[in-house]
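One structure is given below, encoded as structure tokens.
The values are calculated or read from the model by the stated rules, or taken from the named source; none is laboratory data. Source: prediction; values computed, not measured. Reconstructed Cβ throughout: ideal geometry from the backbone, glycine too, with neighbour counts over all protein chains shown. For the accessible areas, the whole protein counts, side chains as well, though only heavy atoms, and no ligand, DNA or RNA atoms are used. Shrake-Rupley method; radii C 1.70, N 1.55, O 1.52, S 1.80 Å.
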Amino acid sequence: RSRKGYVATWKALMSSFPAATLSPPEKLTMFNQAFDDMVRSQKAFEVFDMDVRAMLMSDAADAIIPDYEAFLRQNPDKSVDFSRAMRYTPRDIQNKINGMLDD
């Protein structure tokens, strides 16, 4: 039950992507802020069990990276505004997630 809640919390980061009233750069900017806040909040936790730590990082990545990659494919716009707003590649997101629970 709590694992589903954890995944739902990460999936909520993607909530700006379907918003029809926002431009793709605006969606990325909102995502960036929400992602940074989420990673910062996760850094406050200590997870000593390596299996649980691996599961949490995997769940977080699985919750957002596929949707993020789909968003990038659906928005091939590489305007200056889009490029400026795109702070993270999918690999960057994975790396940041992998480092968020490090000691």
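Please name all residue pairs, on different chains or six or more residues apart, with Cβ atoms under 8 Å, provided the first residue is in the stretch 1-24 and is under 25 Å from Asp81 (Cα atoms) and the second residue is at pLDDT below 85 and in a helix (DSSP H, G or I).
Leu22/Ser16
For the list (1) open to solvent by 30 Å² or more (accessible area, probe 1.4 Å); (2) in a helix (DSSP H, G or I); (3) at pLDDT below 90, I need the number of the one condition that Leu13 fails.
Single failed check for Leu13: (1).
Considering only residues that are more than 12 Å from the chain's Cα centre (by Cα), open to solvent by 70 Å² or more (accessible area, probe 1.4 Å) and polar (S, T, N, Q), which ones fall in the stretch 30-82?
Answer for the stretch 30-82, where residues must be more than 12 Å from the chain's Cα centre (by Cα), open to solvent by 70 Å² or more (accessible area, probe 1.4 Å) and polar (S, T, N, Q): just Gln74.
Criterion first (buried (at least 16 other Cβ atoms within 10 Å of the Cβ), closer than 17 Å to Thr9 by Cα and modelled with pLDDT under 90) does Met100 satisfy it?
Yes: the conditions hold for Met100.
So, in the stretch 1-10, exactly how many residues are over 16 Å from the mean Cα position of the chain (by Cα) and in a helix (DSSP H, G or I)?
Count: 3.
Which numbered condition in (1) within 11 Å of the chain's Cα centre (by Cα); (2) open to solvent by 30 Å² or more (accessible area, probe 1.4 Å); (3) over 16 Å from Ala12 (Cβ atoms) is the only one that Tyr88 fails?
Every listed condition holds for Tyr88 apart from (2).
Taking the stretch 26-78 as the region of interest, how many residues are of a type in the set (Asp, Glu) and not in a helix (DSSP H, G or I)?
Selection size over the stretch 26-78: 3.
With respect to Ala20, is the statement that it is touching a helix residue (DSSP H, G or I) at 6+ places or on another chain (Cβ under 9 Å) and surrounded by fewer than 13 Cβ atoms within 10 Å (Cβ to Cβ) true?
Answer is no for this residue.
Going through the stretch 79-103 one residue at a time, which ones are without any contact (Cβ under 8 Å) to a residue 12 or more places away in the chain and part of a helix (DSSP H, G or I)?
Residues satisfying the conditions are Val80, Ser83, Arg91, Asp92, Asn95, Gly99.
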